[in-house]
Amino acid sequence: MNAVGIDVSKGKSMVSVIRPFGELVAKPFEVRHTSSELSELAKHLKSLEGETRVVLEHTGRYYEPVAQLLHDAGIFVSAVNPLLIKEYGNNSLRKVKTDKADALKIARYGLDNWTELREHTPMDTIRYQLKSMNRQYGLYTKNKTAMKNNLIALLDQTYPGANALFESPTRADGSQKWVDFAASFWHVDCVRCMGQAAFVERYRKWSKRHGYNFSAAKAAQIHTEAKERIAMLPKNSLSKVMVQEAITQLNTVAKTVEVFRAEMNRLAQALPEYEVVMSLYGAGSSLGPQLMAEIGDVRRFAHKGSLTAFAGVDPGANQSGAYEAKSTRSSKRGSPELRKTLFVLMTVLLQKAPPADPVFQFLDKKRAEGKPYHVYMTASCNKFLRIYYGRVKEFMNTINEPVDMDSTGLSR
């Protein structure tokens, strides 16, 4: 039994190899993340007598090239949740934190949990790209929200309430009517300094130029309300630059968000479970690909409880002696990106309130019982994931050729 512990960092790793009863096969040594040095590491590990298993922490992206190359070389690789390594006993009163000590600690964990180690299986190219794209989508969505709030804060000083003038949905290119309106009428004086008839005509030309429906009554209403607005910033070139630059940045990010959304949906369509996932209520062209990106192939989870634990929405346990807690917090030790997607999906269910959907029925029941918001939302996420697991796994098991998780997809 050769337990190989690898402490992964950016660009390099510390490797140690031990056997039962503390036998040190190889003192901790450093390996750079280059194809030549990782290939030499693989040859060295395969030359060891007995069974060899490599253990490393499932952290960030740094571990992926190491795990991929060793797995392709035919070596058993297990990527372990770093929390398990952190809570693994040191059996020492001294606090030592070095790469060498961490590599030895990971190797000892591998020995003590030899039979429970789960082999790392790399995602195929489509799933890997989808997950990477979803992370970028989340980043740009956060930036879009920040820039939108910044623009509203500026308009509150030049044209208060401009963001609430229209209720038109976001277009396919990410543009919004109120943002386009603010680009042309960036200050309240741009509206009320002209007569109503003149503004109505200018609004008509603006609507035609941007492809929006024209309403004379709406234009008159905007002109009338503009007379009551109080602007804190004067109508000058400085104020115009601040507002229009904020609009330019918002439109750029919003367009990027919509590009990612469309590409994620297109990419997700190549996955076999796409139709099954999209049939679930709330999993539309945006949330559906996000679920598939973060969950991956459901067959990698042994049972539905493994999936809920991966998402961090499984209920905890608190019992000691005669005491047993009636209510416990969810673990929240899984994927935060998946939890966020699930909470957005539950929000959609609350807004749409589909009476025939089993998840909404469960959510509404818990809400009617007086459960707190986070309790019934988390419980509903758990319910949804169990249904997702059952339906998707049932379908995946009917596929004649199982999904090859190690394939790059280039040969298909």
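The values are calculated or read from the model by the stated rules, or taken from the named source; none is laboratory data. Treat the numbers as computed from the prediction; the structure is a model and nothing was measured. Cβ coordinates were reconstructed from backbone atoms using ideal geometry, including for glycine residues, and neighbour counts include every protein chain displayed. Ligands, DNA and RNA are excluded from the accessible area calculation, which covers all protein heavy atoms including side chains. Shrake-Rupley method; radii C 1.70, N 1.55, O 1.52, S 1.80 Å.
Overview of results
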| item | result |
| --- | --- |
| Bins of 10 Å, starting at 0 and running to the largest distance - Cα pair percent for segment 93-203 | 10, 22, 17, 14, 10, 13, 7, 5, 0 |
| Which of Leu363, Tyr203, Asn149, positive extreme of dipole for the chain (C-beta unit charges) | Tyr203 |
| Largest to smallest accessible area among Ile85, Ile387 [probe 1.4 Å] | Ile387, Ile85 |
| Cβ charges +1 (Lys, Arg) and -1 (Asp, Glu), total dipole of segment 71-224, debye | 380 |
| For q = 0.17, 0.19 Å⁻¹, Debye-computed log10 I/I(0) when each Cα of segment 14-143 counts as one equal scatterer | -0.97, -1.16 |
| Accessible carbon and sulfur surface of segment 124-181 relative to its total accessible area, %, 1.4 Å | 51 |
| Heavy atoms of Lys105 accessible to a 1.4 Å probe, total area in Å² rounded to 10 | 30 |
| Where trypsin sites (Lys or Arg not before Pro) fall in DSSP loop in segment 8-64, at most 15 other Cβ within 10 Å | Lys10, Arg61 |
| Loop sites in segment 128-222: trypsin sites (Lys or Arg not before Pro), DSSP, at most 16 other Cβ within 10 Å | Arg171 |
| Too-long pairs where the Cα-Cα distance tops 25 Å, listed order kept, from Lys304/Lys340; Lys86/Lys371; Lys340/Lys383; Lys131/Lys393; Lys10/Lys97; Lys144/Lys383 | Lys86/Lys371; Lys144/Lys383 |
| For the chain: relative contact order, % (alpha-carbon pairs under 8 angstrom, 6 or more apart) | 13 |
| Eligible aspartates and glutamates near Lys27 by straight Cα distance, threshold 20 Å, same-chain separation 8 or greater | Asp7, Glu37, Glu40, Glu49, Glu51, Glu57, Asp99, Asp102, Asp112 |
| Residue-normalised accessible area of the chain, given per residue in Å² at a 1.4 Å probe | 54 |
| Cβ-placed point charges (K, R +1; D, E -1), dipole of the chain about Cα centre in debye, nearest 20 | 1360 |
| Dipole-positive endmost among Leu45, Val15, Ala3 within segment 1-54 (Cβ charges, Cα centre) | Val15 |
| Percent antiparallel among DSSP beta bridges (both partners in the chain, rounded to 5) | 60 |
| In segment 174-294, lysine pairs with alpha-carbon atoms under 15 angstrom apart (chain gap of 8 or more, or interchain) | 8 |
| Furthest towards positive pole of dipole, Tyr88, Leu385, Thr125, structure part the chain, Cβ charges | Leu385 |
| Principal axis dimensions, largest first and in whole angstrom, of the chain by Cα | 90, 52, 51 |
| Protection proxy ranking, peptides 372-378, 111-117, 153-159, average beta carbon neighbours within 10 Å, highest first | 153-159, 372-378, 111-117 |
